[in-house]
Every structure is written in C-alpha cells, then in structure tokens.
Amino acid sequence: NKGKYEHYMQKEIHEQPESLTTTMRGRLIRGGSCKAKTVLLGGLKDHLKTIRRSRRIVFIGCGTSYNASLAARPILEELSGIPVTMEIASDLLDRQGPIYREDTAVFVSQSGETADTLNALEYALENGALCVGITNTVGSAIARKTHCGVHINAGAEIGVASTKAYTSQIVVMAMLALAIGGDLISSQERREAVIDGLFDLPSKVKEVLKLDQEMKDLAKLLIAEQSLLVFGRGYNYATALEGALKVKEVALMHSEGILAGEMKHGPLALVDETLPIFVIATRDACFSKQQSVIQQLHARKGRLIVMCTKGDAASVCVGGSCRVIEVPQAEDCLQPVINIVPLQLLAYHLTVLRGHNVDQPRNLAKSVTTE
Ligand code: UD1
Ligand code: BG6
C-alpha cells in the first residue's frame with residue numbers, strides 16, 4: 001500500500017523517521033539519575049564476549065548493504081578497537097579470501113536471501129568464523145544460518161532501490177559498535193554522545209526531508225546530463241558511493257562515487273565546466289580537507305553542487321557560483337544517515353522526470369538469488 005505516495009521508493013524515503021524509530025525501539029536505554037546510557041541488542045547479548053575477543057571484524061554484503069557497512073566502519077573501529085575489514089561477497093568468494101576462526105564475520109543483507117552473500121556465509125561457516133547476521137527479514141536464509149544477529153526492523157521494503165533499509169542498517173551497526181565498546185571508561189563520553197545522537201536522528205531526518213522540493217529543482221537542472229560525480233570522504237565516503245548507486249540504478253544515469261582523497265590520482269582529469277560534481281562537505285574532522293578539494297575543483301571551473309552543514313554555505317562556496325544544499329548536523333558518525341536523504345530524493349526525482357520506472361528499474365531485481 002503506497003498510501004498518499006505515487007511510488008514505493010518515494011514512500012520508503014519519506015517514512016525514514018518512522019522506520020529509524022522502529023529500528024531503535026527497545027534497544028536504546030537513556031538511563032535516569034543512576035542508570036547509564038546503554039544499548040541492548042537482544043540477539044547479540046550472549047555473543048558479545050566472543051565478538052570482543054575476535055582478531056578482526058569482517059563485513060560482507062552486496063550493493064547498498066555493502067555501502068551501509070562502509071558507512072559504519074569508522075565508528076566500529078573507533079569504539080571496538082578491533083580491525084574492521086570490508087568484503088563484497090562475490091569478491092571474497094572469487095579470491096577465496098582468508099577467513100579465520102578468530103574472525104567475526106558480519107553478513108549484511110536487507111532481504112537475507114542474496115545468493116552471493118549466502119554463499120559467502122556458507123564459506124565463513126566452513127572456515128569456523130563466528131557469523132553474525134544483520135537483516136531486515138525475519139526467517140530469511142541469512143537470519144536462520146547465522147549464529148546470531150540483529151533484525152533491523154525497518155518494515156517491508158518494496159522499491160528495488162534500497163533506501164530505508166540503508167539508514168536502518170547504519171543505525172544497527174552504530175548500535176553494534178556501542179554494544180561491542182561495552183563499558184570502556186575511556187570512550188564513555190563518546191558512547192553517550194552517539195546514543196544521544198541516535199535519539200535525535202528521526203527528528204533530523206524529518207527536517208532533511210523538507211529538502212524534497214529543492215532536490216526536485218536540482219533534478220530538473222540535471223535531467224539531461226550524462227553523468228554525475230559524487231565526492232565524499234571519511235564518514236561520508238559511503239554516502240558518495242551510495243548516492244551514486246541510487247542515481248545509477250533508478251535514474252539510469254552514469255554516476256560514480258569518488259573518495260575525495262583520491263581526487264588528484266585520476267578523477268581530476270574529468271573536471272571541466274560541463275560535468276556536474278556533487279561534493280559532500282558537512283562538518284567533521286575532514287571538513288577543512290573538503291574545503292580545499294572544493295577550491296581545487298573551483299580552480300578547474302567544476303560545476304559544483306555542495307552539501308554542507310546548515311549555516312556553512314559561505315564557508316564552502318567562497319566567491320564561487322556553486323549550488324549549496326544545507327543539511328542539519330548530527331553526531332559525526334551518524335551524519336551519513338542525514339546526508340544520504342537528499343541524494344535519495346535527487347535519484348527519485350531524476351527518475352520520474354526522465355520517465356523511468358522508479359520501483360522496478362530496468363534489468364534489476366530486489367533480491368538477487370542467483371550468482
Ligand atoms: C526479539 C524479538 C522481538 C521482541 C524482542 C523482545 C523476534 C524476531 N524478535 O527481538 O519480536 O519484541 O525480542 O525482547 O522474535 N538472529 C540471527 N541472525 C540474524 C538476525 C537475528 O541469528 O541475521 C537471531 C538473534 O540472534 C536472536 C533472534 O534472531 O536470537 C532475534 O533477533 P532480533 O529480532 O534482532 O532480537 P531482539 O531485538 O531481541
Ligand atoms: C540487489 C538490489 O542488487 O541486491 C540492491 O537491487 C541491494 O538494492 C542488493 O542493495 C543487496 O541486497 P540485500 O537484500 O542482500 O541487501
């Protein structure tokens with residue numbers, strides 16, 4: 001049931017304040033006077049000790065689920081102190097990459113049925129790793145075959161392009177980082193800030209959804225383009241990859257997510273006065289580096305669209321003519337949840353304006369159950 005919406009993708013983008021609330025329901029505890037702020041993931045509580053003892057945490061997934069893991073990686077590394085690596089399921093299998101008994105392998109899948117991810121799970125089970133699932137589908141193959149896990153509880157997702165599952169996956173992985181971080185005194189302040197940030201997230205997502213019309217206007221400007229580059233780094237490298245994936249899969253426009261730190265190692269050659277470039281430059285430890293990326297793109301007359309934190313328009317677009325999109329600020333590690341929303345809206349409007357099928361893009365399937 002699409003309710004008041006024309007498409008499932010549109011509905012699923014707009015219901016993110018509610019889906020995120022459901023994802024967190026009963027799992028965050030903001031204590032009273034004596035209780036500390038903590039996180040409770042029922043499916044993992046008996047396994048946390050084993051996870052904390054593991055030598056490595058390896059995330060395995062495909063498409064959007066892989067991107068969500070990439071978004072959560074920095075906070076997982078920070079709070080767990082355990083090395084975190086990333087694997088695209090098919091690539092792990094192609095290489096028969098090493099997986100050890102001392103590893104915690106986390107399988108991320110909205111559907112819980114993706115063949116590549118399931119095959120990688122069989123492989124990790126054979127190699128003796130602790131296998132954890134993060135899935136949206138109770139009773140799915142991945143939920144059943146993993147040793148333990150967390151349901152993201154985002155509600156059924158119908159649109160082939162994943163939107164609300166992506167943001168809920170990031171939130172679950174941030175909660176996973178908090179749970180693994182446990183009660184380490186050294187990071188208590190940070191953990192409490194992240195928990196406060198999680199509580200505030202649904203209302204901030206509601207706020208960023210107000211950019212709908214602005215993103216529609218931007219889509220009108222970009223309607224006839226052949227290509228769109230999306231630059232991000234740090235917490236928002238994943239946002240660049242995921243934003244580009246959305247544009248590519250539904251709007252059928254070439255789009256590429258680029259790690260801004262790699263700009264001079266190739267992508268800069270593409271920059272001219274015609275190619276549109278979307279730069280994510282919200283406030284975090286990488287902000288000044290992104291400011292200098294913007295200046296260099298400017299110097300080459302790049303056609304810039306810059307996403308920045310509210311109030312920062314003047315400091316990201318000094319003397320320039322770029323288009324600016326201002327978003328609310330969240331705790332840095334949760335900012336990817338906010339920042340993806342305008343890109344989801346852009347992909348949605350571009351698709352409708354270009355006359356393509358939003359909910360069932362050409363050649364794609366919601367759940368890819370063959371290799
Ligand atoms: C569970 C109940 C929820 C109830 C809550 C009350 C289910 C599905 N969930 O939620 O309805 O409100 O207790 O405390 O009945 N699991 C895997 N692999 C996965 C995902 C999950 O093995 O990929 C396992 C978990 O380890 C756990 C079980 O499935 O044993 C349920 O997981 P989850 O729904 O996340 O647990 P709770 O949030 O505790
Ligand atoms: C398909 C979908 O390719 O599978 C994507 O079209 C999705 O949207 C990917 O990200 C992975 O799916 P899942 O269910 O394993 O998260």
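The values are calculated or read from the model by the stated rules, or taken from the named source; none is laboratory data. Note that this is a predicted model, so its numbers are computed, not measured. As a convention, Cβ positions derive from the backbone with ideal geometry for all residues, glycine included, and neighbour counts pool all protein chains shown. To get the accessible areas, we keep the full protein, side chains included, count just its heavy atoms, and leave off ligands, DNA and RNA. Shrake-Rupley method; radii C 1.70, N 1.55, O 1.52, S 1.80 Å.
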Ordering ARG52, ARG354 by the accessible surface of their heavy atoms, 1.4 Å probe, largest first, yields ARG52, ARG354
Based solely on its DSSP helices, what 222 nm [θ] is calculated for the chain when runs of n ≥ 4 H residues each add -39,500 (n - 2.57) and the sum is averaged over all residues, nearest 500 deg cm²/dmol? -14000 deg cm²/dmol
Rg/Rh ratio calculated on Cα atoms of the stretch 220-371 (Kirkwood radius): 0.97
Anisotropy class of the stretch 56-193 from Cα gyration tensor, a/c 1.5 cut: oblate
Quick one: go through the stretch 274-291 and flag any residue whose amide nitrogen is under 20 Å from the point 7 Å out along the Cα-to-Cβ line of ARG362. none
Taking all protein chains together and a probe of 1.4 Å, list LEU334, LEU268 from the most accessible to the least accessible. LEU268, LEU334
Provide the percentage of antiparallel DSSP beta bridges, counting only those with both residues in the stretch 86-192; round to the nearest 5. 0 percent
Quick one: pull the percent of accessible area on the chain belonging to carbon and sulfur, 1.4 Å probe, ligands and nucleic acids left out. 49 percent
Once the whole set of protein chains is in place, how much accessible area is left on GLU214, using a 1.4 Å probe, in Å² to the nearest 10? 70 Å²
Bin all alpha-carbon pair distances of the stretch 148-209 at 10 Å intervals from 0 and give each bin's fraction as a whole percent. 19, 43, 29, 8, 0
How compact is the chain by the rule of thumb for globular proteins, expressed as Cα Rg over 2.2 N^0.38 Å? 0.96
If one computes the Cα centroid of the stretch 304-371 and of the stretch 1-44, what distance in Å separates the two points? 21 Å
Anisotropy class of the stretch 274-355 from Cα gyration tensor, a/c 1.5 cut: oblate
What distance in nm separates the two pseudo spin-label positions at ALA193 and GLU262, each 7 Å out from Cα along the beta-carbon direction? 2.9 nm
In Å and from the alpha-carbon atoms only, list the Rg and Dmax of the stretch 11-106. 16.2, 53
Separation of alpha-carbon centers, the stretch 62-135 and the stretch 153-183, rounded to whole Å: 15 Å
For MET263, the accessible surface traced by a 1.4 Å probe with all protein chains present amounts, in square angstrom to the nearest 10, to 10 Å²
Taking the stretch 159-274, the equivalent ellipsoid from its C-alpha gyration tensor has semi-axes in Å, biggest first, of 32, 19, 13
Given DSSP loops and a limit of at most 16 other Cβ atoms within 10 Å, what is the longest stretch of the chain that contains no such chymotrypsin sites (Phe, Trp or Tyr not before Pro)? 101-371
DSSP beta bridges in the chain [antiparallel fraction, %, rounded to 5]: 5 percent
Quick check for me: using +1 on Lys/Arg Cβ and -1 on Asp/Glu Cβ, what's the dipole size of the chain about its Cα centre, in debye to the nearest 20? 500 debye
Charge tally for neighbours of LYS248 with beta carbon under 14 Å away, counting Lys, Arg as +1 and Asp, Glu as -1, is -1
Set LYS210/LYS366; LYS164/LYS206; LYS11/LYS216; LYS206/LYS301; LYS49/LYS164, cut-off 24 Å on Cα-Cα distance; pairs above it are LYS210/LYS366; LYS206/LYS301; LYS49/LYS164
Could you report the accessible area of HIS298 in Å², rounded to 10, computed with a 1.4 Å probe on the protein chains as they sit in the structure? 50 Å²
Run through the DSSP bridge list for the stretch 1-131 and note the antiparallel percent, rounded to the nearest 5. 15 percent
From highest to lowest solvent-accessible area (probe 1.4 Å; ligands, DNA and RNA excluded), GLU273, GLU326 read GLU273, GLU326
